[in-house]
1. Just to confirm my filter: which helices (runs of 4 or more DSSP H) fall fully inside the range 345-442 and include at least 3 residues that are within 20 Å of the chain's Cα centre (by Cα) and modelled with pLDDT under 95?
2. Anything in the range 211-229 that is out of contact with any Phe, Trp or Tyr (no Cβ under 8 Å at 6 or more places or on another chain) and open to solvent by 10 Å² or more (accessible area, probe 1.4 Å)? List them, or say none.
3. Restricting the range 208-246 to residues that are closer than 17 Å to VAL80 by Cα, part of a helix (DSSP H, G or I) and among the charged types (D, E, K, R), which is nearest to the chain's Cα centre (by Cα)?
4. Here is a list: LEU166, LEU190. Which entry is within 14 Å of ALA323 (Cβ to Cβ), aliphatic (A, V, I, L, M), open to solvent by less than 20 Å² (accessible area, probe 1.4 Å) and modelled with pLDDT of 80 or more?
5. With LEU327, LEU300, LEU314, LEU321 as the choices, which residue is open to solvent by 20 Å² or more (accessible area, probe 1.4 Å), assigned to a helix (DSSP H, G or I) and in contact with a Phe, Trp or Tyr (Cβ under 9 Å, 6 or more places away or on another chain)?
6. I'd like the full set of residues that are on the phi < 0 side of the Ramachandran plot, open to solvent by 10 Å² or more (accessible area, probe 1.4 Å) and in contact with a Pro (Cβ under 9 Å, 6 or more places away or on another chain), limited to the range 399-428.
Amino acid sequence: MSAGPVAAVAEADDPEVPSPSVGPSKPRLLRVLGPGLIAGASDDDPSGIATYSQAGAQLGFGLCWTMLYTLPLMAAVQMVSARIGRTTGRGIAGVLREHYPNGLLQAVVLLLLAANILNLGADLGAMADALNLLLPGPNWLYVVLFSGICVFMQLVLQYTRYVAVLKWLTLSLFAYLGVVIFAHVAWADLGRAVAIPRIDLSNGGLTTLVALFGTTISPYLFFWQAAEEAEDLRAFPNRRDLLHAPEQGPEALRRIEVDTLVGMAFSNLAALAIMVTTASVLHPHGITDIRTSAQAAEALRPLAGPFSAAVFALGIVGTGLLAVPVLAGSAAYAVGEARRWPVGFGRRILEARAFYGTVALATLVGMIISLGAVDPIRALYWSAVVNGVIAVPVMTVTMLAAARADIMGAFAVRGPLRLLGWVATACMLLAVLAMSATAALP
């Protein structure tokens, strides 16, 4: 059973409390990193790795610019989400429940739940395929093993230890930075491709562009980071929501900014490394159709060497162990807040039975999907479609809520952050319209 309520964390361990040995202008980076880092790293889940691999293999360096230009947009939306959680003490679903029509809340939560479960299934299948490359065995056994590990972490580990495990798992993204060393990259060509946006107007090029936007800016990350900020109010006893403790605002917002910017930059750098690797190794050899992340690892083997393929495959397993709990957890937070359940990994299992049950059930259904109830490739496709569709209303409502003084008080989002959030929302709307248009093309 769960280890119990969140243990009181010493005030000195709270990253919002300036360390006596480090000046307030120089926060200890490792102490500050938390929800933003985990959200950013989980964005590069096995499904995302497959999308980035396909983009590099199909179009070479052609879409590498997206990782530079989406960075401020995704960082803005995640920062807004985090500020909602830290300011109100509720996740996004909790805010929607209190201030918006019930029909909108239920529709958003249902779509998020469906998208997360489909994504879970695709990720578990990809993790099993990747481990099979390293240690041949029955895929079903690996799927069950990974599902059990993820559920164990969420149900048994104490909250502070669980978060520490997730933070360590973010190191798996360094695998993709390492693989680039063996890719023989044409750095001058890459520099030009990153600096100068170029859009392939073909059906395949537009579809890949839409997939990249949908993979990079995902609704489950909004729910996760907002909910974790609210959860941390219980983990750090000196904290109170900013509505009732506005004096904590400057340090809290500074921490959120650093945490989110580092997390999103890390996420996009790893994604760029994946695209660069497949663009440098697979694209020149005419290997342009990559359907899964494991297939990308297998394709690298004869061209970049077995070590590169093994590191790539290990990265898939590591990012999957990070992303699956985030997918299940964000779904449980959303459902629980919508239903007014006690939520949070810091609560005892008996205290939050429905919340933990949702975590386990979401993972179980995802496991069934990966075992063959639904074709994993179709699951990946439909999760991307649903994520893209629900991102627009979720981002719209999130931006509207973040700007309302009756919700956010003196911490209502204004200025450049608000502008960037709306630009991100507009880009996602255009992505959905482009997805619809390309789907209608013969």
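The values are calculated or read from the model by the stated rules, or taken from the named source; none is laboratory data. No experiment lies behind these values; they were computed from the predicted model shown. In this analysis, Cβ positions are derived from the backbone assuming ideal geometry, glycine residues included, and neighbour counts consider all displayed protein chains. The area values use the complete protein model at the heavy-atom level, side chains included, leaving out ligands, DNA and RNA. Shrake-Rupley method; radii C 1.70, N 1.55, O 1.52, S 1.80 Å.
1. Hits in the range 345-442: 353-368, 376-402, 415-440.
2. ALA211, PHE213, GLY214, listed by residue number.
3. Going through the qualifying residues, I end up with GLU228.
4. LEU166
5. Answer to the check: LEU321.
6. Hits for the range 399-428 are ALA410, PHE411, LEU420, VAL423.
Every residue, every condition in (1) assigned to a helix (DSSP H, G or I); (2) of a type outside the set (Lys, Arg); (3) within 16 Å of the chain's Cα centre (by Cα), yes or no:
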position	(1), (2), (3)
GLN248	yes, yes, no
GLY263	yes, yes, yes
ASN268	yes, yes, yes
ALA271	yes, yes, yes
ALA279	yes, yes, no
ILE287	no, yes, no
ALA309	yes, yes, no
